[in-house]
């Protein structure tokens with residue numbers, strides 16, 4: 001944890017969920033009680049098809065909703081894409097950009113991620129920029145080199161409005177059940193913090209740094225207690241309210 005920063009527990013439903021899944025959103029919203037609200041913020045990024053409905057379900061609570069991607073342009077001939085204004089119009093307050101699955105499956109470059117981040121922040125959305133190394137890069141001792149390059153190319157030089165969040169997700173740990181050691185996470189997050197302060201000055205100390213990659217209730221307390229870890233970006237374990245709330249509950253014990 002970073003002193004002075006309120007942690008964020010964010011769920012990423014990926015390509016999962018239909019209207020039948022909205023009951024889980026309702027349970028998350030109800031379970032995110034006053035005790036947790038004092039400790040953390042909580043967000044769930046759902047498929048675009050569910051964003052309006054999920055936002056309506058969470059309307060009277062403190063659970064935030066968001067999208068998993070956006071286009072860098074405000075409008076135009078971009079079939080199948082959604083703009084940041086559309087996300088906000090559907091009730092979303094946040095967007096994830098640069099997830100490793102987008103980078104791998106859709107060939108997104110860090111430069112493209114940067115354009116999306118600028119768009120999200122310009123709309124006033126909380127914008128979560130994902131970075132992380134592959135297994136091959138880690139075995140080659142290139143983890144910090146990869147993080148340095150992705151931070152440099154994926155983040156805007158300046159931003160106005162919105163909140164910039166950085167999520168470190170080792171690609172090899174996503175959905176595999178594998179996690180780096182607490183010391184490995186501490187090293188990566190300390191490096192990212194130093195890079196952000198070097199680039200942005202003192203404001204770099206206020207940027208939330210999330211850890212993602214096989215986070216679950218059983219390991220959340222250890223991971224969330226690591227220095228400079230200001231929350232989690234949770235994949236599969238965010239599909240069920242009991243699991244996401246179980247991860248969030250780790251903050252009641254830290």
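The values are calculated or read from the model by the stated rules, or taken from the named source; none is laboratory data. Note that this is a predicted model, so its numbers are computed, not measured. Counting neighbours? That spans all protein chains shown, and the Cβs are built from the backbone with ideal geometry, glycine included.
For this structure, a couple of remarks:
- Residue 114 being more than 16 Å from the chain's Cα centre (by Cα), buried (at least 16 other Cβ atoms within 10 Å of the Cβ) and over 24 Å from residue 63 (Cβ atoms): no
- Residue count, the range 67-82 (criterion: part of a loop (DSSP other than H, G, I, E, B), under 15 Å from residue 49 (Cα atoms) and under 18 Å from the mean Cα position of the chain (by Cα)): 3
- Candidates in the range 55-66 are the residues that are part of a loop (DSSP other than H, G, I, E, B) and surrounded by fewer than 17 Cβ atoms within 10 Å (Cβ to Cβ); of these, the one that is modelled with the highest pLDDT is 62.
- Output for the range 36-54, where each listed residue is part of a helix (DSSP H, G or I) and either within 12 Å of the chain's Cα centre (by Cα) or surrounded by fewer than 21 Cβ atoms within 10 Å (Cβ to Cβ) (or both): 36, 37, 38, 39, 48, 49, 52, 53
- For the range 221-240, the candidate set comprises residues that are touching a strand residue (DSSP E or B) at 6+ places or on another chain (Cβ under 9 Å) and over 19 Å from residue 132 (Cα atoms); within that set, the residue that is surrounded by the most Cβ atoms within 10 Å (Cβ to Cβ) is 238.
- Test for residue 200: is it modelled with pLDDT under 95 and over 21 Å from residue 39 (Cα atoms): yes
- Test for residue 209: is it under 14 Å from residue 167 (Cα atoms), out of contact with any helix residue (DSSP H, G or I) (no Cβ under 7 Å at 6 or more places or on another chain) and not in a helix (DSSP H, G or I): no
- Within the range 140-162, residues that are without any contact (Cβ under 8 Å) to a residue 40 or more places away in the chain and at negative phi sit with their Cβ atoms under 6 Å from residues that are surrounded by 15 or more Cβ atoms within 10 Å (Cβ to Cβ) and part of a helix (DSSP H, G or I), at 6+ positions apart or across chains, in these pairs: 146/137.
- Of everything listed in (1) more than 18 Å from residue 238 (Cα to Cα); (2) crowded, with 17+ Cβ neighbours inside 10 Å; (3) touching a helix residue (DSSP H, G or I) at 6+ places or on another chain (Cβ under 7 Å), the single unmet condition for residue 161 is (2).
- Hits in the range 180-201 (condition: surrounded by 20 or more Cβ atoms within 10 Å (Cβ to Cβ) and touching a helix residue (DSSP H, G or I) at 6+ places or on another chain (Cβ under 9 Å)): 180, 185, 188, 192, 196
- When residues of the range 87-101 are limited to those that are in a helix (DSSP H, G or I) and out of contact with any helix residue (DSSP H, G or I) (no Cβ under 8 Å at 6 or more places or on another chain), the one surrounded by the most Cβ atoms within 10 Å (Cβ to Cβ): 101
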